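Following: one structure in structure tokens, then a few remarks.
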Amino acid sequence: MLVLPHEGFRFRHAASASGTGRKRAGGEREPEAVGGGEMGKKQKKPGKGKEKTERKTAKGEEKRARREARKVGEEDDIDAILRSIQKEEAKKKEVHVEENVPAPSPRSNCSLTINPLKDTELIMYGGEFYNGSKTFVYGDLYRYDVEKNEWKLVSSPNSPPPRSAHQTVAWKNNIYMFGGEFTSPNQERFHHYKDFWSLDLKTNQWEQILAKGCPSARSGHRMVLYKHKIVLFGGFYDTLREVRYYNDLHVFDLDNFKWEEIKPRPGCLWPSSRSGFQLIVYQDQIYLYGGYFKEVVSSDKTASEKGTVHADMWALDPRTWEWNKVKKTGMPPGPRAGFSMCVHKKRAVLFGGVVDMEIEGDVLMSMFMNELYGFQLDNHRWYPLELRKDKPAKNKTKDIKRKESSNDAEANLGNDEDETMEDSETTGGQSVHGVSNHLTKSLTLNKVGSGNNSDILSDSTTQEILPEAVKPSGRINACMAVGKDTLYLYGGMMELKDREITLDDMYSLNLSKLDEWKCIIPASESEWLEISEDEDDEDEGDDDDDDDNDSGGDADQTDEDDEESDEDAEKNVDMSNAVSIIKGERKNLRRKEKRARIDQIRVMLGLSDSQRTPMPGESLRDFYKRTDRYWQMAAYEHTQHTGKELRKDGFDLAETRYKELKPILDELAVLEAEQKAEEEASASTSSKKDTKKIKPKSGMR
């Protein structure tokens, strides 16, 4: 599977009945389509008579009974699990701090908070990890010293139960936490919290705040600090039987320790229900961006859940509690879910997220982004944040201090291009469906740059070899925080084929220089338990065998063997290679794989941001001519230049991006050339065979 240097992606069946209910942005789960079918499974033959129908009905009842038994099994009794955790917590008598421990395990949907007493210390709590078989939810508390690069693991009595998709804010010497969720190991049961906690950073002691009027149980909400008030909005509640999304607004006063719900006035503007959005505070405004919402769509005989990815922006005035829509100007990111966002001085910084697109009607492709975007909080303009290292040059002048004036960064791009983009509230036609564990005849994860391809490329112009830049892979549900001028990014999740890779890497980026990412902790191998078939699948296999016996289908059995061999070929990549695969590598491909790979690359390039991705066959000159405004806006963040100098700066950034993707574009050209040559050779061979078949017939006449 091809992975761009900046993005990861995954194909999956768009309407599956996998029942996994895996997580997406900010704690919400992907919708599951009712009545759908997984790709890669052989279609069952029509029933033959009453006896066969009765046999299948009986087996269906047995499977349902086994499912129900598994749901209420002791291991997945969520109430029993939480009671057991509570008993263990009661045994703790004092705070214990373990110094210089290993970095936290892979996780997503955890919280990362800057210590308000020491801005070079990060506080991490909770999160979750899925290994392909079970979900693990954490309740551990880590303190990370940035300067010493040391982790501390804190254990204290009366700690909150484990959770993920919760929210934290810091004020004075405390961290405040509300909500979140706990998932049973088999993901059949969910518990949403409505508890409110404070952590004293001086004593490492937790205390539950029992204040009246608190919000209802939820996860995927967002919470920010405005002066001495905690502002909470939205979220969702999902027990698999019932799903509710919220757009309620709650405020907790830290002076008098009271909750208050702010209700909309008649006729006022108000954001719709959602989770997984982002809230940021700047002066006397609280900005809301994006989010996710799903609803049940019913037809005559089936019901499915449709997901909506929001791309709208709102501003809340905390002095009057009035909402107003914010028009997006400049060059905003495309709609996405699961992104991270935080504030640095006068701008908000957005990273990552996932874009889902349905292709060919039944296949859903997911692109995991690692782009950076900036939102200027004083003039409401979006712009790309492209990294740029200083080039060594004798006469080059270096900017010692970046300008912090309120000048519009994009106003100097000339030609009065200050045009307001139409405010698209939601993505059109991007319905999100459940995850399928199989995709028929999908590609294996392969390595980039085969020996045969290098021979074909040898005649082309030698490209300048650039040192590989250190960059985090595309991901969702990562935790991100800003301390001083440094952005910190930890963990998250991405997908490769039918595997979820939960990350434990950590990066930092100087937001004043925007020169390079620094890898503090490299990604480790992520555990994944490969489960080929469960009991239900075995039963379905038995049904198929019965069908085959009824029809004497030896040929059908051969087809099944072929399918099994294809599935085995799909699994030829060990998890030990997952980290290197993220960087994008491949090996020689068979003809069928080659065709699919060409389609993958073309779809992927089309799904990526067209403003920063060359089209197949596009020269550097044409690429820059088409996207010059994007690159000039990105360059202005670094140089503050205008006119000819700014155009030159923008071209340098475009050239760097072009050279990064040139190997992928060259690979596409090589694969297409090979495919064309093979088709011509096949046509020639076929023509010769036809000629040979005709000649004997002529002789017989």
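Based on what the data block shows, is residue 264 surrounded by 18 or more Cβ atoms within 10 Å (Cβ to Cβ) and either assigned to a loop (DSSP other than H, G, I, E, B) or outside the structural domain of residue 154 (by the TED database) (or both)?
no
Go through region 237-248 and give me each residue that's open to solvent by less than 50 Å² (accessible area, probe 1.4 Å) and modelled with pLDDT under 95.
If the condition is that a residue be open to solvent by less than 50 Å² (accessible area, probe 1.4 Å) and modelled with pLDDT under 95, then 238, 239 are the ones that fit.
For (1) of a type in the set (S, T, N, Q); (2) in contact with a Gly (Cβ under 7 Å, 6 or more places away or on another chain); (3) at pLDDT below 95, each residue gets a yes or a no:
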residue	(1), (2), (3)
72	no, no, yes
131	yes, no, yes
138	no, yes, no
166	no, yes, no
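Just to be sure I understand, how many residues within region 480-504 are among the small types (Gly, Ala, Ser), surrounded by fewer than 22 Cβ atoms within 10 Å (Cβ to Cβ) and over 21 Å from residue 119 (Cβ atoms)?
Total meeting the criteria: 0.
Which one of these is out of contact with any Pro (no Cβ under 8 Å at 6 or more places or on another chain) and among the aliphatic types (A, V, I, L, M): 137, 154?
Going through 137, 154 in turn, the sole match is 154.
Of everything in region 317-358, what is on the phi > 0 side of the Ramachandran plot and either outside any loop (DSSP other than H, G, I, E, B) or polar (S, T, N, Q) (or both)? Give them in sequence order.
Result: 330, single match.
For region 211-232, give me the residue count where each residue is within 13 Å of residue 281 (Cα to Cα) and buried (at least 20 other Cβ atoms within 10 Å of the Cβ).
Result for region 211-232: 6.
Output the number of the condition that residue 98 fails; it satisfies all remaining conditions of (1) under 31 Å from the mean Cα position of the chain (by Cα); (2) at pLDDT 95 or above; (3) among the charged types (D, E, K, R).
Evaluating residue 98 over (1) under 31 Å from the mean Cα position of the chain (by Cα); (2) at pLDDT 95 or above; (3) among the charged types (D, E, K, R) leaves (1) as the failure.
Can you say whether residue 185 is on the phi < 0 side of the Ramachandran plot, open to solvent by 20 Å² or more (accessible area, probe 1.4 Å) and not charged (D, E, K, R), as far as the supplied structure shows?
yes
Can you tell which of 539, 498, 534 is in contact with a His (Cβ under 7 Å, 6 or more places away or on another chain) and modelled with pLDDT under 85?
Exactly one residue qualifies, and that residue is 498.
Need at least 3 residues that are at pLDDT 75 or above per element, so show me which helices (runs of 4 or more DSSP H) inside region 576-679 make the cut, counting only ones lying wholly within it.
620-639
For region 349-408, name all the residues that are modelled with pLDDT of 70 or more, in contact with a Leu (Cβ under 8 Å, 6 or more places away or on another chain), among the acidic types (Asp, Glu) and more than 18 Å from residue 486 (Cα to Cα).
356
Restricting to region 303-327, and then to whatever is in contact with a Pro (Cβ under 9 Å, 6 or more places away or on another chain) and acidic (Asp, Glu), can you tell me which residue is most open to solvent (accessible area, probe 1.4 Å)?
Filtering region 303-327 for residues that are in contact with a Pro (Cβ under 9 Å, 6 or more places away or on another chain) and acidic (Asp, Glu), the one most open to solvent (accessible area, probe 1.4 Å) comes out as 305.
For region 124-146: of the residues being closer than 23 Å to residue 520 by Cα, in a loop (DSSP other than H, G, I, E, B) and in contact (Cβ under 8 Å) with a residue 60 or more places away in the chain, which is farthest from the chain's Cα centre (by Cα)?
146
What's the number of the only condition in (1) more than 24 Å from residue 153 (Cβ to Cβ); (2) outside any strand (DSSP E or B) that residue 185 fails to meet?
(1)
I'd like to know if region 293-303 contains one or more residues that are out of contact with any Gly (no Cβ under 9 Å at 6 or more places or on another chain) and within 30 Å of residue 207 (Cα to Cα).
no
Of the residues in region 218-261, how many are under 18 Å from residue 165 (Cα atoms), of a type in the set (Ser, Thr, Tyr) and outside any loop (DSSP other than H, G, I, E, B)?
4
Take region 122-144 and flag every residue that is charged (D, E, K, R) and open to solvent by 20 Å² or more (accessible area, probe 1.4 Å).
Within region 122-144, 134, 140, 143 qualify.
The values are calculated or read from the model by the stated rules, or taken from the named source; none is laboratory data. The model shown is predicted, which means the values in this text are computed figures rather than measured ones. Don't worry about glycine lacking a Cβ; one is built from the backbone with ideal geometry, like all the others, and counts go over all protein chains shown. For accessibility, only protein heavy atoms count, side chains too; no ligands or nucleic acids. Shrake-Rupley method; radii C 1.70, N 1.55, O 1.52, S 1.80 Å.
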